[in-house]
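Novice: Would you mind keeping the following structure in view while I ask a few things?
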Amino acid sequence: MSNMLRFFRPLGLCCLAFLLLGCPTLRNAIMLSTQDLDFDIDDLPVSIDVWNGDVGLPLMTISVEPTVNWLIVNPGVVVSAAPVNGVTDRRSVSIQVQRELIGLGTTTGHVVFSGEGLRSKTLTVRATRTEDAIVVSKTSLDFGLDEAPISLAVWNGVADLASITVDIAPTVTWLSVSPRQVTSEAPADGVEDRKPVTVSLDRTELSAGPHIGAITFSGNGLVTKTVDVTVIQQSSGGGSGLTLSDVKQQYSAPYLLDFGFTLLDGDGAVIVAEPAQFNVSAFEGDIDVSALGGVHLKRGAARPLKMELVMDYALGMQTIPDAVAGMETAAKETLLPALNADAQVGITVFHASDELPVRVADFTVERDYLADRIDAIRDEIVAGFYSGSRIWDALFQAAELFPGENPSNEARYIVLMSDGKDTSSSLHTLDDAINEAIARGVKVHAIGFGDNVNVTNMLRLTSLTGGEYIPAAEVADIEQSILEIVDSLGGQYNLRWAALARNTPFTPFFTVSMGEDSASYTATTEFVPQDYAGDEREGRLAFDTSNTVMRTTAFLRATYVPRVIDRFRIFLQSDTTFNVSLVGATDGGLMAGWTLTETETDGGTWYEAVSPDAAIPFGTFGPMLRIDFDELIEEGTPLFNTVTVDNSLYASAQTFVVEGYEPEPPVTKQAGSNGD
């Protein structure tokens, strides 16, 4: 015990002295011009400023020390005087990376700035080491009309790297590779460690005509290599008279299965027909649920459509006689009138190598406004000056306009009208534009003007994003090319059904037939009913808006309709006057042909639509009402102060909820009207 007392007595005295005298305060005097440096792949030194930020500290001495051996700092000590009249005594410190001392990929280190009585500061430094180590025996593969797989080899080409691991991936579903990953040792005595890779294709997924895909070879810290693959298909789907192309699947509550696809005939042409002309069979495992209701095949226009026109006014287009005028006329007089009334279209143009692409119209349904904006491009944007082409920059910018989330909730397209020759993109590459479009679920269609288009790039762009490339060698061909784009849009279909299974997982399967021709599809993932459970009696509605500089237009759309809805009543109140109408049958209106009545109250207006016969099909989706406002409603401002659906109309507890609006009761309700 006495030994312990002898130990703790001086410790206690020290603590008492510490408490009486107080903790020494570190000065927050060290100032850095940045807290973060990213060298990426650049080896040049980078300088930052460090200075004394404390007016009460006449002179400050700072030690500069890296925490890792791959960083060099110069100088290692700096001295900075106190600020005078707001002017700081900034000192430059050079930071340099010894990249040979770091591993492949991105590595993080730190530089610490410290001094006696000073609070230290830390600079975070990141550096990336890449090696051009992947070697592939072939830069391209051409299957032509052949069926046989093609082999190639990949290996490590850098002797200083003990081994590399290479990931191998096809960019299209009709290509497969084996193996998907290889490890190759460094070459020894001039002998490479070559690893064989077999590339095969599935012609049943191909429509008639030429196709282009690619295989990427990548690895951590390794420069990616790409092998282009071309193939020619004589008939669609290996000879079938009907082909499902570019199938996308999505599962959601309550128990919904959605499939989007394009229908092609035996020659690879898009089939544009009314859904009623097809016979559809849907299977939950081996159970055919088609005759039990709730299976819907609809045109792609039933989903919200957004399209960005990317128009080329650069030097190449200007040198093609009448190309610019023909492009404008085709867009205004052929493309815009052919789209559904609720399709939202925006416009991006590019014309010079030293100017960024310009957005001349936001997404809107107002066709006259879009036509006016096209007419203004040459005077307001181009203004008589044009030079190099920035196609890839414009396409990347256009793709970024589409939200990153829920791409399957709407049909998304970019239509590029250009000579296809990018000369001056400085921010993005072709692959950047392709990857951004794919990530956001955007299909790119391209019309190539003139007889000197870079067809390889255009085919790569459109095939990898699920779009089409259509040439227009002569100005007279432009209108026909636009019509082919419109036909392609018309050949998009959506199949939905609400699953009847509740406990048993199954693999969905469906067939689509027309006459004697049919095509089928088996889902790539199992449907587990419990994962997508929900209230089957709760319908879901949302407003889809578009603006011009003058006014706002909105569509009330159903994303899911419960059973037995043959009447619909909604209360709307806004500070801005508006007009409501039913969406017509040609635009996929769910209440087309119904009777719409309006009843004003002190607080707003009731709108009631009544079916003359049948109810809205169960489980379906599409537009219901169009609302045209007299003024522009600023983005971020609610369209309505109050939105209430009269769910008392429904005797079996069906309800509707409107996204973004609480079901508040209206100020006044018309006495004696339905729903009281």
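Novice: Looking at 432, 393, 422, 368, can you tell me which residue is charged (D, E, K, R) and without any contact (Cβ under 8 Å) to a residue 12 or more places away in the chain?
Specialist: 368
Novice: Using the structure shown, decide if residue 359 is under 28 Å from residue 431 (Cα atoms), assigned by TED's automatic domain parsing to the domain that holds residue 485 and surrounded by fewer than 20 Cβ atoms within 10 Å (Cβ to Cβ).
Specialist: For residue 359, the condition - under 28 Å from residue 431 (Cα atoms), assigned by TED's automatic domain parsing to the domain that holds residue 485 and surrounded by fewer than 20 Cβ atoms within 10 Å (Cβ to Cβ) - is met.
Residues are listed down the side, and each one gets a yes or a no for (1) in contact with an Asp or Glu (Cβ under 8 Å, 6 or more places away or on another chain); (2) assigned by TED's automatic domain parsing to the domain that holds residue 651; (3) free of Cβ contacts under 8 Å to residues at least 24 places away in the same chain; (4) of a type outside the set (D, E, K, R):
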| position | (1), (2), (3), (4) |
| --- | --- |
| 548 | yes, yes, no, yes |
| 553 | yes, yes, no, yes |
| 575 | no, yes, no, no |
| 582 | no, yes, no, yes |
| 585 | no, yes, yes, yes |
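So that you can scan it fast, the table gives a plain yes or no per residue for (1) touching a helix residue (DSSP H, G or I) at 6+ places or on another chain (Cβ under 6 Å); (2) closer than 30 Å to residue 162 by Cα; (3) modelled with pLDDT under 90:
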| site | (1), (2), (3) |
| --- | --- |
| 20 | no, no, yes |
| 37 | no, yes, no |
| 66 | no, yes, no |
| 85 | no, no, no |
| 88 | no, no, no |
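Novice: Let me ask another. Could you look through the stretch 125-139, keep only residues that are assigned to a strand (DSSP E or B) and out of contact with any helix residue (DSSP H, G or I) (no Cβ under 6 Å at 6 or more places or on another chain), and pick out the one that is surrounded by the fewest Cβ atoms within 10 Å (Cβ to Cβ)?
Specialist: 126
Novice: Among (1) surrounded by fewer than 20 Cβ atoms within 10 Å (Cβ to Cβ); (2) out of contact with any helix residue (DSSP H, G or I) (no Cβ under 8 Å at 6 or more places or on another chain); (3) part of a loop (DSSP other than H, G, I, E, B), there is one condition residue 593 misses while meeting the rest; what is its number?
Specialist: The failed condition is (2).
Novice: Separate question: Right, residue 319: β-branched (Val, Ile, Thr) and in contact (Cβ under 8 Å) with a residue 24 or more places away in the chain or not?
Specialist: Considered against the rule, which asks whether it is β-branched (Val, Ile, Thr) and in contact (Cβ under 8 Å) with a residue 24 or more places away in the chain, residue 319 comes out as no.
Novice: Would you mention how many residues in the stretch 598-616 are under 28 Å from residue 296 (Cβ atoms) and touching a strand residue (DSSP E or B) at 6+ places or on another chain (Cβ under 6 Å)?
Specialist: Total meeting the criteria: 6.
Novice: Right, another one. Could you please tell me which pairs satisfy a Cβ distance under 8 Å, a separation of 6+ or placement on different chains, a first residue in the stretch 45-56 that is more than 14 Å from residue 88 (Cα to Cα), and a second residue that is part of a loop (DSSP other than H, G, I, E, B)?
Specialist: Close Cβ pairs (under 8 Å, with a partner that is part of a loop (DSSP other than H, G, I, E, B)) amount to 46/39; 48/33; 48/34.
Novice: Applying the selection to the stretch 239-264, what residues are touching a residue at least 40 places away in the same chain (Cβ under 8 Å) and over 28 Å from residue 540 (Cα atoms)?
Specialist: 240, 241, 242, 243, 244, 245, 263, 264
Novice: Same structure again: Taking the condition of being part of a helix (DSSP H, G or I), buried (at least 19 other Cβ atoms within 10 Å of the Cβ) and without any contact (Cβ under 8 Å) to a residue 60 or more places away in the chain, how many residues in the stretch 445-464 meet it?
Specialist: Residues flagged as part of a helix (DSSP H, G or I), buried (at least 19 other Cβ atoms within 10 Å of the Cβ) and without any contact (Cβ under 8 Å) to a residue 60 or more places away in the chain within the stretch 445-464 amount to 3.
Novice: Let me ask another. Return the only residue of 502, 557 being of a type outside the set (Asp, Glu) and surrounded by 15 or more Cβ atoms within 10 Å (Cβ to Cβ).
Specialist: 557
Novice: Next question, about the same structure. Mind listing whichever residues of the stretch 315-340 are more than 26 Å from the chain's Cα centre (by Cα), within 23 Å of residue 387 (Cβ to Cβ) and aliphatic (A, V, I, L, M)?
Specialist: 315, 317, 320, 323, 324, 325, 327
Novice: Among residues belonging to the stretch 140-157 that are modelled with pLDDT under 90 and either outside any strand (DSSP E or B) or among the charged types (D, E, K, R) (or both), point out the one that is farthest from residue 190 (Cα to Cα).
Specialist: 145
Novice: Moving to a separate point now. With surrounded by 21 or more Cβ atoms within 10 Å (Cβ to Cβ), of a type in the set (A, V, I, L, M, F, W, C) and not assigned by TED's automatic domain parsing to the domain that holds residue 547 as the only criterion, which of 339, 335 stands out?
Specialist: Result: 335 is the single residue among 339, 335 that is surrounded by 21 or more Cβ atoms within 10 Å (Cβ to Cβ), of a type in the set (A, V, I, L, M, F, W, C) and not assigned by TED's automatic domain parsing to the domain that holds residue 547.
Novice: Continuing with this model, one more query. Of all residues in the stretch 73-110, how many are surrounded by 13 or more Cβ atoms within 10 Å (Cβ to Cβ), farther than 26 Å from residue 56 by Cβ and not small (Gly, Ala, Ser)?
Specialist: 12
Novice: Quick check on the stretch 433-454. Is at least one of its residues among the β-branched types (Val, Ile, Thr), modelled with pLDDT of 85 or more and over 16 Å from residue 392 (Cβ atoms)?
Specialist: Scanning the stretch 433-454, I find at least one residue that is among the β-branched types (Val, Ile, Thr), modelled with pLDDT of 85 or more and over 16 Å from residue 392 (Cβ atoms), so the answer is yes.
Novice: Among the listed residues 617, 623, which satisfies the condition of being crowded, with 20+ Cβ neighbours inside 10 Å and on the phi < 0 side of the Ramachandran plot?
Specialist: So the residue among 617, 623 that is crowded, with 20+ Cβ neighbours inside 10 Å and on the phi < 0 side of the Ramachandran plot is 623.
The values are calculated or read from the model by the stated rules, or taken from the named source; none is laboratory data. What you are looking at is a predicted structure, and each value in this text was computed from that prediction instead of being measured. Quick reminder, even Gly has a Cβ in these numbers, built from the backbone with ideal geometry, and neighbours come from all protein chains shown.
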